[in-house]
Amino acid sequence: MSLNPNVAKVTDRIIARSRDSRGEYLERMRAMAAAGPARAHLTCGNQAHAYAAMGQDKGALAEGRAPNIGIVTAYNDMLSAHQPFETYPAQIREVARAAGATAQVAGGVPAMCDGVTQGQAGMELSLFSRDVIAMAASVALSHNCFDTSLYLGVCDKIVPGLVMAAASFGHLPAVFLPAGPMPSGIPNDEKAKVRQQFAQGEVGRDKLMEVEMASYHGAGTCTFYGTANTNQMLMEFMGLHLPGASFVAPNTPLRAALTEAGVKRALEITALGNEFRPAGEILDERAFVNGMVGLMATGGSTNLALHLPAMAKAAGIQLALEDFADLSDVVPLLAKVYPNGLADVNHFHAAGGLGFMIGQLLEAGLLHPDTRTVAGEGLGLYTREPKLLDDKLIWEEGAGASLNEKILRPAATPFQPTGGLKQLKGSLGQGVMKVSAVAPERQVIEAKARIFHDQGSVKAAFRAGEFTEDTVVVVRFQGPGANGMPELHALTPVLAVLQERGLKVAMVTDGRMSGASGKVPAAIHVSPEAAAGGPLARLRDGDLLRVDAVAGTLDVLEADFETRAPVEADLSANAHGIGRELFASFRANVGPSTEGACAVL
């Protein structure tokens, strides 16, 4: 089918907007590629330092005739999703040797868990960790010893940071190797229910701990459809994974086979061979449009509205919120995965997963079919399903139909005709809302505002019984320049309880919500932020606000609003402790959330 005209229009607009910056980027990358293999430009002393500890691989490295893989790893064993990466480097080196090549761990990058830091001071480093990861990966690859690269990362800021680095080193091929999701645990709706009971004091900490440990219980990605799993979707839609690699469980024969295949593919697409596929050319405007389409069709994480512009900027491409909005208007919601439904990613994968979804969107003309990918030419390769046949990895066409239409539907009969994110714009600035889990009757709320400057104050007001009427909870001075833009996911149980009591509630903030934000309407990433004198800084308790996800508006309905002076907040408590003092330059130099809240580009 021909490309949907709205998708074509958005793509053309991005190409036009990015013409100069993308042209300059490609010129730089092609000049670096034309210079030839990087090791040829190193002195013998340079190389001797790099190869000194490489044992049996030293001879091959010194000859420099076979490809050398640079591995950038986000391994640690505090993130369940990243713990399986502990054994990857040894496997990668073994596969490379068998192919007559070499591999080295170029460096490690930090990888923090938002699940650990939710509601804690450490969350104020979370968003900026993405930029640190991009910088750390760049330091690793700056040794200039590599012909191709493998990136080991899964979770929230890690994949975006690694993509930013892969784009910065866009003259090199880049293959992303996932680890896969943990087995399904306690049902997500049961976990959410106990969290709400705890928020109301109906159960104790022992019961909450029991349920949380039953939910997060093994190696692999958390199984709800938050930012980590949205990242994995994105890597397939953008062609940086091998087809079908995202949601295969860790520590299984198929997972190991896919890792081996990823290593071999990284070796096949270097400039030393005949199928050169540098990352900078894979990461083009069409790939980013495909990624945004996947975000809408799956009802994915709101965090990607920050990360995609930052990733694109690293490749010389300029995305805007209007691009997300216009694609959301034409892309149907095909998946219901928690928090948008009861299923988890394992159930989604079993129902047909990304392969079925990509096939449906291609047939509907909603994806660019002709993108370059690490697997080959065209996104159609990603409708296939990896399998082991007699211990050999093969790809077969998927089932061609959803195996559970309560989880995954064809494009002709979607869960809803439009996508999972909505742009909001009005007198309070512009932001986004994840609407895929918000009931239609809750997508328009007009109510008085309660103003808070931190999430602890919201919880205190809830415990004091102060929320007795329909309310728009405004949590301001939570933007990137104020305190690093922490997620406010810890407010989800509180607001959900108010909603279940029959109140109409919404949240408006210049901060973030978790990628797992769900049933409570939340206008987030509001820009300009309050710390920059944005409209949120002029709000007062009792102001009448209208949050309208149907019309895409975010307004204050007070006649004197424009004449008010913005308030200022004491942000000194956010400046020190848990390493926050080291991030002062990030807070001072960060760009607006509408452009990715990036401090390094």
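Values quoted throughout were computed directly from the atomic coordinates according to the rules given, and no laboratory measurement underlies them. Computed from a prediction, not measured in an experiment: that's the story for all the values here. Note: ideal-geometry Cβ built from the backbone for every residue, glycine included; neighbour counts use all protein chains shown.
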With Cα coordinates, the longest principal axis of the chain makes an angle with the long axis of helix 304-314, in degrees rounded to 10, of 40 degrees
Whichever aspartates and glutamates have a C-alpha closer than 13 Å to that of K191, once near sequence neighbours (fewer than 8 apart) are set aside: E210, E212, D344
If you take every DSSP beta bridge whose two residues both sit in region 421-595, what share of them, in percent to the nearest 5, is antiparallel? 55 percent
Given a Förster distance of 45 Å, report the FRET efficiency between H49 and E377 from their Cβ-Cβ distance, rounded to the nearest 0.05. 0.70
Helix 285-298: angle to the longest alpha-carbon principal axis of the chain, degrees 0 to 90, nearest 10? 50 degrees
Quick calc: nm separation of the 7 Å Cα→Cβ label points for E63 and A412 -> 5.7 nm
Cβ-Cβ cut-off under 12 Å around N4, Lys and Arg +1, Asp and Glu -1: the net charge is -2
Grab the Cα-Cα distance for R17 and L582, subtract it from 0.36 nm times how many residues apart they are, and report the gain in nm with one decimal. 199.9 nm
Q196 versus E396: modelled label distance in nm, points set 7 Å from Cα along the beta carbon direction: 4.2 nm
Taking 19 Å as the cut-off for C-alpha to C-alpha distance, list the pairs among K459/K504; K422/K448; K193/K434; K422/K519; K313/K434 that go past it. K422/K448; K193/K434; K313/K434
Would you mind classifying region 106-218 by shape? Square roots of the alpha carbon gyration tensor eigenvalues, ordered a ≥ b ≥ c; an a/c under 1.5 is rounded, otherwise it is prolate if a/b is larger than b/c and oblate if not. prolate
Please report the antiparallel percentage of the DSSP beta bridges confined to the chain, to the nearest 5. 45 percent
Histogram of C-alpha separations across region 421-595, 10 Å bin width, %: 10, 41, 36, 12, 1
By average C-beta atoms within 10 angstrom, highest first, the peptides 351-363, 8-20, 576-588, 544-556: 351-363, 544-556, 8-20, 576-588
Amide H of A447 versus every other amide H placed in the peptide plane: which residues, excluding those fewer than 5 positions away on the same chain, fall under 5 Å? L545, V547
Could you give each residue of region 587-600 its phi-based ³J(HN,Hα) in whole Hz, using Karplus coefficients 6.51, -1.76, 1.60 with θ = phi - 60°, and x for Gly or Pro? 4, 6, 10, 5, x, x, 5, 5, 10, x, 6, 9, 9, 10
Would you mind ranking T418, T383 so that the residue whose beta carbon has the fewest other beta carbons within 10 Å leads the list? T418, T383
Shape category assigned to region 222-308 from the gyration tensor of Cα positions, a/c cut at 1.5: oblate
Read phi for every residue in region 495-512 and hand back ³J(HN,Hα) as whole Hz from Karplus 6.51 cos²θ - 1.76 cosθ + 1.60, θ = phi - 60°, with x for Gly and Pro. 5, 5, 5, 4, 5, 5, 7, x, 7, 8, 10, 8, 10, 10, 7, 8, x, 10
Distance between region 35-90 and region 277-347 - C-alpha centres, whole angstrom: 32 Å
Tell me, what HN-Hα J-couplings in whole Hz come from the Karplus equation 6.51 cos²θ - 1.76 cosθ + 1.60 at θ = phi - 60° for each residue of region 359-368, using x for Gly and Pro? x, 5, 5, 5, 4, 7, x, 9, 10, 6
Report the gain in length on full extension from D189 to A573: 0.36 nm times residue separation, minus Cα-Cα distance, nm rounded to one decimal. 134.7 nm
Once the Cβ-Cβ distance between H41 and A99 is put in as r, and R0 is 22 Å, what FRET efficiency do you end up with, to the nearest 0.05? 0.35
Hey, rough spin-label estimate for N251 and E275, points 7 angstrom out along Cα→Cβ, what's it come to in nanometres? 3.3 nm
Give the lysines whose C-alpha is closer than 21 Å to that of K387, dropping any in the same chain fewer than 8 places away, or say none. K264
Region 1-93: C-alpha gyration tensor shape, a/c 1.5 cut-off, then a/b vs b/c: oblate
Computed over region 387-485, the distribution of all Cα-Cα distances in 10 Å bins, rounded to whole %, is 10, 25, 26, 16, 13, 8, 1
Give the separation of the Cα centroids, region 537-601 to region 5-25, in Å. 29 Å
Which of the trypsin sites (Lys or Arg not before Pro) found in region 374-408 are loop residues per DSSP with 15 or fewer other Cβ atoms within 10 Å of their Cβ? K406
Report the one residue of P566, L554, V497 whose Cα lies farthest in the direction of the positive end of the charge dipole of region 421-595 (charges on C-beta: Lys and Arg +1, Asp and Glu -1; origin at the Cα centre). V497
What is the extension gain from E260 to A559, computed as 0.36 nm multiplied by their sequence separation minus the C-alpha to C-alpha distance, in nm to one decimal? 101.3 nm
